[in-house]
Every structure is written in C-alpha cells, then in structure tokens.
Amino acid sequence: MVVDAGVGVGGGGGAGTCAVGGFAVWDVLLWRRGRADVSACLLAGTVSSWLLLYGGYTLVSLASNVLLLLLTVLFLWAKAARLLNRPQPPVPELRVPQQAVDEAAALLRSALDAASDAFRDIALGRDSLLFYRVFLCLWSVSIVGSVTDFPTACYASVVAALTIPALYHRHQECIATYMSFAYMNLRMYEMAYERLSMKCFLKVRDWTMELLKDP
C-alpha cells in the first residue's frame with residue numbers, strides 16, 4: 001500500500017492541501033474541531049518522553065529501543081503471517097512528493113525573509129513595538145538557556161506550543177487589554193526618554209558653542 005504524504009483527499013490541489021494542513025495544525029495547537037485527543041496525545045507523549053530521558057535513558061538509546069521493538073514486532077508478525085497464511089502487517093509505503101518539498105522550501109524561505117525584514121526594521125528603529133516583542137522573546141530564551149539544557153528547552157517549547165496558544169485563544173480579550181496598556185506605558189516612557197535626550201543634547205550643544213565663542 002502506497003501512501004502519498006502530500007496529496008489531500010478529494011484532489012483539491014496544492015493550495016487546498018496546504019490550507020487544510022495549516023488549519024489542522026492550528027486545530028491541534030488550539031485543541032479544537034475534534035483535535036483535542038491529538039493534542040492530548042502529543043502533550044502526554046512529550047512529557048512521558050522527557051521523563052524517560054531524564055530517568056536514565058538518552059535520546060539515542062530511547063529512539064533505538066523504540067525502533068528495535070517496532071521492527072522486531074513487525075518482522076515476527078510478517079513471518080508468522082506467512083506461515084499461517086494470514087494477512088501481512090499493514091505497513092504503508094510512504095513517499096514524500098516533490099510538491100510537499102517545494103511547499104516546505106517556500107515556507108522556510110518566507111520565514112527567513114520575514115525574519116530578515118524584522119531584523120532590518122528593528123536595526124533601523126522603524127518599529128518600536130516589534131523591538132519590545134523581540135527583546136522580551138530573546139531575554140526569555142536567554143533566561144531559559146541559562147537554567148536548563150537544550151533537550152529540556154526543546155521539550156518545554158513543545159509543551160508551550162501545545163498550551164500557550166490555547167490559553168491565549170481562550171483569554172485573548174483580557175490579554176489584549178493588558179498588552180495595549182503595557183504598550184501605552186512603554187510609549188510614554190519612550191517619549192519621556194526622547195524628550196530628556198533632546199534636552200541633554202541641546203544643553204551640550206549650547207555649552208560647546210559657548211566654549212568655542214570664548215577667546
């Protein structure tokens with residue numbers, strides 16, 4: 001049995017498949033449209049694998065043991081099925097289509113272009129709100145990286161991706177109110193800093209001009 005990993009049911013085309021895939025990902029992240037069981041399984045699998053890794057296993061040993069158990073069960077199943085004239089194990093033959101690879105490359109390119117544009121806007125001082133957001137994100141990553149290692153950070157990122165969007169979607173009005181209030185305060189402090197720096201600049205300029213005028 002051959003399963004095409006990138007073809008949608010009903011032949012809706014590349015754009016329809018991409019849209020359906022995007023909606024499915026958001027349904028899993030937001031625990032909606034009957035995808036709550038998938039989200040719960042992903043969250044439980046992430047937490048359990050983290051517990052196994054920090055209970056004595058390593059990532060390589062855990063992956064090797066899981067693959068070894070899976071291949072052994074399938075191999076013995078196939079041998080027993082031949083001897084007993086029973087159906088073979090339902091192992092699909094996966095193929096990655098070129099269209100899916102092109103779409104992934106296009107998505108990666110658009111993400112890199114967006115990151116480059118955001119970096120340029122921040123470096124040139126065009127978007128203050130974007131600077132504050134990136135600053136908070138990088139500061140949070142720095143704090144997390146100083147207290148934990150990379151695998152734990154990856155597991156924490158998966159758990160955060162499965163919990164934070166759902167919580168934000170449920171309480172987005174309250175969060176938006178607090179974010180707008182915080183942004184207004186930041187803008188007020190920024191304007192005060194600009195006025196203070198301008199006053200200091202003018203005083204230094206006047207003082208410098210007076211020194212140059214004195215014989």
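Here, each number is a calculation from the coordinates, and none is a lab measurement. Bear in mind the structure is a predicted one, so any value in this text is a computation, not a measurement. No Cβ is skipped: glycine too gets one built from the backbone with ideal geometry, and neighbour counts run over all protein chains shown.
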Inter-label distance for N65 and L112, nm, one decimal - labels placed 7 Å from Cα along Cα-to-Cβ: 3.8
Separation in nanometres of the label points that stand 7 Å from Cα toward Cβ, at A104 and L43: 2.8
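Between rounded, prolate and oblate, where does region 75-136 land on the alpha carbon gyration tensor, with a ≥ b ≥ c its root eigenvalues, rounded for a/c under 1.5, else prolate if a/b exceeds b/c? Each step should come with its number before you reach the end.
On the way: a/c = 8.89, a/b = 3.70, b/c = 2.40.
Prolate shape, in that a/c is at least 1.5 and a/b is the bigger ratio.
For region 127-199, what class follows from the C-alpha gyration tensor (a ≥ b ≥ c being the square roots of its eigenvalues): rounded when a/c is under 1.5, otherwise prolate if a/b is larger than b/c, else oblate? Mind dumping the intermediate values first?
Values: a/c = 4.17, a/b = 1.57, b/c = 2.66.
Oblate, since a/c reaches 1.5 and b/c is not below a/b.
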Gain on full stretching of the segment that runs from L124 to F201 - 0.36 nm per residue minus C-alpha separation: 25.7 nm
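For region 90-215, just say rounded, prolate or oblate: build the C-alpha gyration tensor, square-root its eigenvalues into a ≥ b ≥ c, call rounded for a/c under 1.5, and beyond that prolate if a/b exceeds b/c, oblate if not. Let's see the in-between values first.
Details: a/c = 2.89, a/b = 2.16, b/c = 1.34.
Prolate.
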In nm, spacing of pseudo-spin labels at M209 and Y178 (7 Å Cα→C-beta vector): 4.9
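So how much slack lies between N185 and S142, counting 0.36 nm per residue of separation and subtracting their Cα-Cα distance, in nm?
On the way: separation 43, 0.36 × 43 = 15.48 nm, distance 2.45 nm.
Here the answer is 13.0 nm.
Could you calculate the FRET efficiency of L51 with F75 from 1/(1 + (r/R0)^6), where r is the beta carbon distance between them and R0 is 41 Å, rounded to 0.05?
Details: r = 29 Å, r/R0 = 0.70.
Calculated value: 0.90.
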